[in-house]
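Coordinate-derived values only; no laboratory data. Source: prediction; values computed, not measured. With ideal geometry, Cβ positions are generated from the backbone for all residues, glycine too; neighbour counts draw on all protein chains shown.
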Amino acid sequence: MNARALLLILTLAVSLGTRAEAGIMDTLRGWIGLGNKAKSEEQKKSMPRIRIGPFTGGMAVSAQDALRKELLASREFFVAGDDEKIDFAIEGSSVGGRVTGKLRDAKGKELFQRSYAAPGLDENLKALTDDVIYTITGRPGLATSRIVFVCDKTGKRQIYVCDAEGGDVHQVTHDKHGAVSPSLAPDSSMVAFTSYRSGFPIIRLLDLNVGWERGVTDTPGSSFGSAFSPDGTHLAAVMSFIGNPEIFVSDLNTNTAACVSDSVGAPASPSWHPDGKHIVFSNDDGDGPKLFVVEVPQKEGGSSRLFRWRTGYHFCTDPEWSPDGRNIAFTTRRGGEWAVAIKPYPNGGAHILQAGGAQHPSWSPNGHFLTYIQHGELFVQDLRSGNRRALLRGFGRITEPRWMR
Amino acid sequence: MNAYAAFTILLLSSCGSIPMPSFLRNPADEAVVYALGPRDGFTSPLSTGLKPACQALVFDQDGIHLTESHEQTVRSLAKEMVSEKKSRVIIAGYAPPNLPEDHARALSDRRALAVRQRLIELGVEAANLQTVGFGNDFSPSGPSSGVVVIYKQ
């Protein structure tokens, strides 16, 4: 409880810090309900000030340069010069691509020290940057985060993974008839997806580090829409082997599944609340999909409460809970075109973030960005500034992106 | 007898706000849903070119229930299947490419299961029926994409 309160305070402090310089878009979003906490003190705090201190070793200079780039790109800090006042300082050493980093606070107290021995210097510095961001802000950094998506580049829908900048793109499935509906584990180590390798949709799990793959479901009917729980131990998915499609929660250790929904329609796209106790999903009873929230029973045989979550829009699919649990992004339809909307949870007014064919939103791990698809291209939008850019263009038709640490 | 009927009507009309007792509800709501049997021995329409058992059932944009126009096709197929003891089919749902992918899968799966449910109600052995929802991951042959195709095994 204390830890969570502290995390919340840190989150607030940083979001306040970034508001100061974001300007008119933020004021606008303040009116429509995003980031509406503690308006009175917003000018007082600014971004944490960090200095890149002395580095030793053969690759010290290039390490410092690359680290400065990573820290600036993260947009979490003000990178201070040598004679400026600071809140934190990083020092370390780099020999032959290996990196050892040490973070100190303003009083010189050591916050952490860690060594990184991945094959590349950039890779190591990205990991160091994310550790620094996590230690200071309490939220995961994006440098080591991954986006998983589906693309029909090869003629079949297959699953690809790229980094938060749209680089380092890898095709991770080569299944006969294709693979779709991917979800990344919270630590980006595994992908759960629906494979058509047998000609029928089955859910499989692929370990991205080791490369092994195993089946999770091979039940009659369809299985799709898998979503990892925040602790990575459970998988929510739609399965229809009982003669009716329902949302199931599978325990990945024991491979047992429990039905949590009670639907007569077509449920799809489950997404977890960060507390791991609630799931939002869309359900179509024959008059367009609507959003529902269900409690996940914590004990075997426990009952689960299910309720409709009204958004003010008729057609709502692909809901995804923000990492702080305070907003839900979803796809809706406006004027005959797809649009990405955000609505505070549990209450608040929904607003359209991007219209004109945007769909399938997914939050960045720190909650500052949203990735979505527009006309088959992958976009990322900064929720603080409202700026957006294409991450991947001309790479076949991209669908179903999901973003994880 | 008439007095009884009048009394019943009076009773029913006087309790408009009370939910209908279960025996008066639409029997379709009470239908027993049977779990799908094992899929062993069934071939996917993706693996080999399977022949349709009847014409494709076209669904309009949002519908998940069978309509009058589907009813005739499903009835004649059921008759055929009940008489030929050993025929097995796979019921595959497809959805239009413009729908969100996961919703398309759910919708096509739901429609395929609705067709299966009707066939079971018409006397077809549940073990001879398998369903799959392809959403818009694959498109069926034919002019319309929002269809349920019943393939012969």
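Of note:
- Axis angle, to the nearest 10 degrees, between helix A:2-19 and the longest C-alpha principal axis of chain A: 70 degrees.
- Exposure proxy ranking, count of Cβ atoms within 10 Å, fewest first, for B:86, A:153: B:86, A:153
- Restraint check, B:51/B:79; A:176/B:152; A:156/A:343; A:69/A:102; A:109/A:277, Cα-Cα greater than 28 Å: A:156/A:343; A:109/A:277
- Rounded D (µm²/s) - region A:246-405, Kirkwood Rh over Cα pairs, Stokes-Einstein at 10 °C, 1.306 mPa s: 97 µm²/s
- Global geometry of region A:58-115, whether rounded, prolate or oblate, following the gyration tensor of its Cα atoms and the 1.5 cut on a/c: oblate
- Built amide H within the under 5 Å cut-off of residue A:315, gap 5+: A:333
- The alpha carbons of region A:103-184 give a radius of gyration and a Dmax of 17.4, 59 Å, in that order.
- Helical mean residue ellipticity (222 nm; -39500 (n - 2.57) per DSSP H run of 4+; nearest 500) of the protein assembly as shown: -6500 deg cm²/dmol
- Overall size of chain A from C-alpha positions, given as principal axis extents largest first: 69, 48, 45 Å.
- Sorting the Cα pairs of region B:36-152 by distance into bins of 10 Å, from 0 upward, gives 15, 50, 31, 4, 0 percent per bin.
- Looking at region A:345-400, the trypsin sites (Lys or Arg not before Pro) that sit in a DSSP loop and have at most 14 other Cβ atoms within 10 Å of their own Cβ are A:393, A:397.
- Reachable aspartates and glutamates from residue A:126, criterion Cα separation under 13 angstrom, eight or more residues apart if same chain: A:65, A:70, A:163, A:165
- Ordering A:245, B:58, A:404 by the projection of their Cα atoms onto the charge dipole of the protein assembly as shown, which places +1 on the Cβ of Lys and Arg and -1 on the Cβ of Asp and Glu, puts A:404 at the extreme positive end.
- Karplus 3J(HN,Hα) series, Hz, for region A:84-91 with 6.51 cos²θ - 1.76 cosθ + 1.60 (x for Gly, Pro): 9, 6, 10, 9, 9, 9, 10, 9
- Neighbours of residue A:82, meaning other residues whose beta-carbon lies under 14 angstrom from its beta-carbon, give a summed charge of +1 when Lys and Arg score +1 and Asp and Glu score -1.
- Taking 1.306 mPa s as the viscosity and 10 °C as the temperature, the Stokes-Einstein diffusion coefficient of region A:88-225 based on its alpha-carbon Kirkwood radius rounds to 93 µm²/s.
- About the Cα centre, charge dipole magnitude for chain A (Lys/Arg +1, Asp/Glu -1 at Cβ), debye: 620 debye
- Cα gyration tensor, region B:110-153 - rounded (a/c under 1.5), prolate or oblate: prolate
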